[in-house]
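Written below as structure tokens is the structure these notes are about.
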């Protein structure tokens with residue numbers, strides 16, 4: 001397996017690389033979503049604390 | 001339990017006007033296909049099983065969206081949940097009453113649709129048997145969907161998304177039983193599988209519907 | 001449940017304990033998944049010999065097949081978490097389920113896209129009504145249904161429990177869908193296409209040099225899922241315990 | 001006139017001492033915390049009166065007592081056993097009157113009574129005194145949809161009158177009742193209590209003078 005056949009994937013580069021590209025894109029997208037979820041969760045816990053203090 | 005069924009059917013009879021809409025929807029949608037695809041009998045008879053099944057599935061989903069909503073809105077759902085009788089039985093009675101009022105018209109109208117789609121008459125019995133089993137499964141699934149979304153206002157949009165994936169096996173075996181019969185092949189295999197699906201749904205879905213009703217009313 | 005067993009479940013499933021313990025476990029899973037995926041890719045893309053029939057195009061299976069396995073595994077995971085949550089009323093189980101659902105949907109999407117990218121060179125069209133791809137498509141709609149239901153209630157607990165019921169019924173339906181679509185395909189075998197690229201290929205992959213990267217990729221994906229679901233579950237459990245003291249300490253709020 | 005499990009040897013005493021005991025209950029609706037550590041004890045033959053502004057958790061408390069969902073923290077004991085221990089049997093112990101009347105609008109009052117009788121089952125149903133306060137035959141024999149709100153409320157209270165459940169949970173029972181309706185409800189509740197039953201009543205309106213609650217629980221201030 002030489003570098004040239006690796007990049008060209010024996011003529012299937014047009015399908016193999018987008019497939020892996022999309023796959024890892026989505027998996028990284030999941031990580032980004034997880035970060036945003038954690039931020040939202042932390043913010044809501046802080047907010048719940050403030051509103052809770054006001055009520056009691 | 002038959003007293004409950006009697007009361008349910010009496011209620012349905014008195015409010016029969018409300019149960020007309022899904023039937024009109026069913027017949028109307030079926031009549032759209034010749035308008036869209038042209039009236040040639042050969043084409044229509046080819047697509048007849050598919051059209052009847054997709055139409056029956058959509059009509060069922062639309063019709064069953066409100067199965068438990070009226071009980072929820074007038075408070076009798078709370079009384080049903082507080083009844084010492086097994087909730088699965090009460091749900092089963094409600095589902096059978098729903099089948100009679102909403103699905104039976106779809107089955108009885110199938111010959112009319114068959115006529116419109118120049119459907120070969122000798123295959124009508126297979127169509128009716130398979131449609132009865134299909135609407136049985138769809139009624140049970142519709143009851144589950146209605147129970148899951150009973151507390152929501154906009155459940156009509158959500159219900160198809162929940163139910164149609166679950167209904168695909170019923171669609172496949174139901175439509176293909178008639179397709180095979182049309183080609184002169186033996187339709188018994190898909191019919192047996194459809195019957196098996198119906199009994200599996202009969203065993204599993206009332207329990208899930210009862211649980212869904214309890215979840216919906218939880219504080 | 002015997003005393004020891006229920007004590008173990010309640011100790012492990014208590015949110016603060018889970019919140020603390022899941023961090024190291026999550027990191028461990030993340031490291032293992034990174035290493036395994038790297039090795040799997042190297043094995044699959046570089047070492048494995050090209051397939052005699054499909055040349056190097058077959059290498060897409062190293063992304064397609066593991067994510068297909070994951071999409072099925074995560075749906076069963078949803079159903080099991082739903083069952084635990086419904087029966088023993090363990091809030092953590094619902095948090096894990098609502099954390100896992102989007103990941104499962106993502107893997108299903110990957111499977112569909114890589115499947116169609118693989119069908120293009122082998123079959124000339126991006127979409128083939130093949131039995132496996134079709135049941136994967138239906139599984140994708142099942143995921144969307146579960147996620148949509150869990151988010152359409154303003155009370156998160158009702159949403160969790162309703163989605164759990166749908167996931168359980170869905171999990172029972174998945175094998176039925178799979179076999180009904182298979183039966184549907186054999187019925188139309190003659191009319192659309194002779195044999196299909198996926199079935200033929202999997203049974204002939206006997207060469208071990210092709211097989212081990214597949215298993216390593218699968219291990220990598222499982223650990224990736226483990227790390228991600230624990231991470232998301234920590235946020236989901238916080239969202240469900242907003243006004244508890246431990247949540248505030250965990251977030252470091254005053 | 002025995003009240004309670006008619007089938008199980010008549011009187012209320014037979015089914016335990018009918019005491020409702022709530023300890024450390026936390027009331028939560030979705031994410032909002034409504035009340036923390038609610039403690040309440042209602043003895044046999046007495047009733048508790050729940051007051052508090054709208055949205056303070058009165059209805060939530062009654063619904064939890066009726067068994068709709070389990071409380072996360074706190075214990076509810078009825079006749080010495082927690083709701084968990086009662087399991088399915090608890091449903092026969094409770095008669096719940098919510099904001100909604102709980103009657104079918106397409107059935108006539110008589111048919112509604114028959115429908116509720118089927119739901120509650122033989123052991124949960126008993127024939128009240130000869131002249132029941134809420135005599136359904138006095139109402140027009142039309143589907144309840146065409147009756148007035150007050151008449152519909154009388155039908156749902158009639159269902160309560162026939163109920164043999166020892167624990168009554170009444171959420172705003174006085175709504176849509178005229179003056180003598182309120183007096184009739186007072187008499188109905190009084191007879192239930194003298195027969196050894198227990199009740200929890202949540203309401204805005206002042207109770208009729210004849211009814212003196214054993215305990216008054218103020219909701220809305222999170223202790």
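Suppose we keep only residues that are more than 10 Å from chain C (Cβ to nearest Cβ), assigned to a helix (DSSP H, G or I) and over 22 Å from the mean Cα position of the chain (by Cα) within the stretch B:170-194. Which one would you say is surrounded by the fewest Cβ atoms within 10 Å (Cβ to Cβ)?
B:182
Do we find that residue C:49 is out of contact with any strand residue (DSSP E or B) (no Cβ under 6 Å at 6 or more places or on another chain), in a loop (DSSP other than H, G, I, E, B) and within 14 Å of chain A (Cβ to nearest Cβ) in this structure? Talk me through it step by step, then tell me what you get.
Details: out of contact with any strand residue (DSSP E or B) (no Cβ under 6 Å at 6 or more places or on another chain): yes; in a loop (DSSP other than H, G, I, E, B): yes; within 14 Å of chain A (Cβ to nearest Cβ): yes.
Here the answer is yes, as residue C:49 does meet what is asked.
Counting only residues that are in contact with a helix residue (DSSP H, G or I) (Cβ under 8 Å, 6 or more places away or on another chain), facing another protein chain (nearest Cβ under 9 Å) and closer than 23 Å to residue B:204 by Cα, give me the helices (runs of 4 or more DSSP H) lying completely in the stretch B:1-95 with at least 1 of them. Walk me through how you get there before you give the answer.
Working: elements: B:2-14, B:20-37, B:41-64, B:69-74, B:76-81.
Here the list reads B:2-14, B:69-74, B:76-81.
What are the residues in the stretch D:63-80 that are over 24 Å from residue B:68 (Cα atoms), without any contact (Cβ under 8 Å) to a residue 60 or more places away in the chain and out of contact with any helix residue (DSSP H, G or I) (no Cβ under 6 Å at 6 or more places or on another chain), if any? Quick ask: steps written out before the conclusion?
Our first condition is that a residue be over 24 Å from residue B:68 (Cα atoms); within the stretch D:63-80, this holds for D:71-80.
Cutting the leftovers down to without any contact (Cβ under 8 Å) to a residue 60 or more places away in the chain gives us D:71-77.
Hits for the stretch D:63-80 are D:72, D:73, D:74, D:75, D:77.
Looking only at the stretch C:94-121, which residues are surrounded by fewer than 22 Cβ atoms within 10 Å (Cβ to Cβ), more than 20 Å from residue A:20 (Cβ to Cβ) and touching a helix residue (DSSP H, G or I) at 6+ places or on another chain (Cβ under 6 Å)?
none
When you go through D:213, D:208, D:140 one by one, which is the residue that is out of contact with any strand residue (DSSP E or B) (no Cβ under 6 Å at 6 or more places or on another chain), surrounded by 15 or more Cβ atoms within 10 Å (Cβ to Cβ), more than 14 Å from chain B (Cβ to nearest Cβ) and assigned to a loop (DSSP other than H, G, I, E, B)?
Numbers: D:213 fails: out of contact with any strand residue (DSSP E or B) (no Cβ under 6 Å at 6 or more places or on another chain); D:140 fails: surrounded by 15 or more Cβ atoms within 10 Å (Cβ to Cβ).
Residue meeting the stated conditions: D:208.
So which residues in the stretch B:142-156 are more than 7 Å from chain C (Cβ to nearest Cβ) and at pLDDT 90 or above?
Scanning the stretch B:142-156 gives B:142, B:143, B:145, B:146, B:147, B:149, B:150.
Take residue B:159 and tell me if it is surrounded by 20 or more Cβ atoms within 10 Å (Cβ to Cβ), in a helix (DSSP H, G or I) and within 14 Å of chain C (Cβ to nearest Cβ).
On the way: surrounded by 20 or more Cβ atoms within 10 Å (Cβ to Cβ): yes; in a helix (DSSP H, G or I): yes; within 14 Å of chain C (Cβ to nearest Cβ): yes.
It is true that residue B:159 is surrounded by 20 or more Cβ atoms within 10 Å (Cβ to Cβ), in a helix (DSSP H, G or I) and within 14 Å of chain C (Cβ to nearest Cβ).
Here's the yes/no breakdown for (1) over 30 Å from residue C:57 (Cα atoms); (2) buried (at least 21 other Cβ atoms within 10 Å of the Cβ); (3) modelled with pLDDT of 95 or more:
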residue	(1), (2), (3)
C:183	no, no, no
C:191	no, no, no
C:204	no, no, no
C:209	no, no, no
C:212	no, no, no
C:224	no, yes, yes
C:248	yes, no, no
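To keep it simple, each residue is scored yes or no on (1) touching a residue at least 24 places away in the same chain (Cβ under 8 Å); (2) surrounded by 13 or more Cβ atoms within 10 Å (Cβ to Cβ).
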| position | (1), (2) |
| --- | --- |
| B:17 | no, no |
| B:24 | no, no |
| B:43 | no, yes |
| B:51 | yes, yes |
| B:63 | yes, yes |
| B:67 | yes, yes |
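Where in the stretch D:1-111 are there strands (runs of 3 or more DSSP E), lying wholly inside it, with at least 2 residues that are within 21 Å of residue D:159 (Cα to Cα) and at pLDDT 90 or above? Walk me through it before giving the result.
Working: elements: D:20-29, D:32-42, D:47-51, D:75-78, D:94-97.
Here the list reads D:94-97.
Report yes if some residue within the stretch A:33-42 is at pLDDT below 95 and either out of contact with any helix residue (DSSP H, G or I) (no Cβ under 9 Å at 6 or more places or on another chain) or outside any helix (DSSP H, G or I) (or both); otherwise report no.
The answer is no; no qualifying residue exists.
In the stretch D:93-102, what residues are more than 10 Å from the chain's Cα centre (by Cα), in contact (Cβ under 8 Å) with a residue 12 or more places away in the chain and facing chain B (nearest Cβ under 7 Å)? Can you show your working first?
Of all residues in the stretch D:93-102, those more than 10 Å from the chain's Cα centre (by Cα) come to D:93, D:99-102.
From what is left, the residues that are in contact (Cβ under 8 Å) with a residue 12 or more places away in the chain are D:93, D:99, D:101-102.
Of everything in the stretch D:93-102, those that are more than 10 Å from the chain's Cα centre (by Cα), in contact (Cβ under 8 Å) with a residue 12 or more places away in the chain and facing chain B (nearest Cβ under 7 Å) turn out to be D:101, D:102.
Within the stretch C:151-191, work out how many residues are assigned to a helix (DSSP H, G or I) and within 14 Å of chain D (Cβ to nearest Cβ). Break it down stepwise before answering.
Within the stretch C:151-191, the first condition is being assigned to a helix (DSSP H, G or I), and the residues that meet it are C:156-187, C:189-191.
Subset that is within 14 Å of chain D (Cβ to nearest Cβ): C:156-162.
Of the residues in the stretch C:151-191, 7 are assigned to a helix (DSSP H, G or I) and within 14 Å of chain D (Cβ to nearest Cβ).
Restricting to the stretch C:231-246, what's the tally of residues that are facing chain A (nearest Cβ under 7 Å), within 10 Å of residue C:15 (Cβ to Cβ) and surrounded by fewer than 20 Cβ atoms within 10 Å (Cβ to Cβ)?
Total meeting the criteria: 0.
Could you please find all residues in the stretch C:23-65 being surrounded by fewer than 20 Cβ atoms within 10 Å (Cβ to Cβ) and closer than 30 Å to residue C:241 by Cα? Talk me through it step by step, then tell me what you get.
Step one: filter the stretch C:23-65 for residues surrounded by fewer than 20 Cβ atoms within 10 Å (Cβ to Cβ), giving C:23-28, C:30-32, C:34-35, C:38-39, C:41-42, C:45-47, C:49-55.
Once the filter is applied, which keeps residues that are surrounded by fewer than 20 Cβ atoms within 10 Å (Cβ to Cβ) and closer than 30 Å to residue C:241 by Cα, the stretch C:23-65 yields C:23, C:24, C:25, C:26, C:27, C:28, C:30, C:31.
Hey, can you tell me all the residues within the stretch D:71-80 that are exposed (fewer than 15 other Cβ atoms within 10 Å of the Cβ) and farther than 19 Å from residue D:26 by Cα? Step through it out loud before you land on a result.
Residues of the stretch D:71-80 exposed (fewer than 15 other Cβ atoms within 10 Å of the Cβ): D:72-73, D:75, D:80.
Answer for the stretch D:71-80, where residues must be exposed (fewer than 15 other Cβ atoms within 10 Å of the Cβ) and farther than 19 Å from residue D:26 by Cα: just D:80.
The values are calculated or read from the model by the stated rules, or taken from the named source; none is laboratory data. All values reported here derive from a predicted model rather than from experimental measurement. All Cβ positions, even for glycine, are placed from backbone atoms using ideal geometry, and neighbour counts span all protein chains on display.
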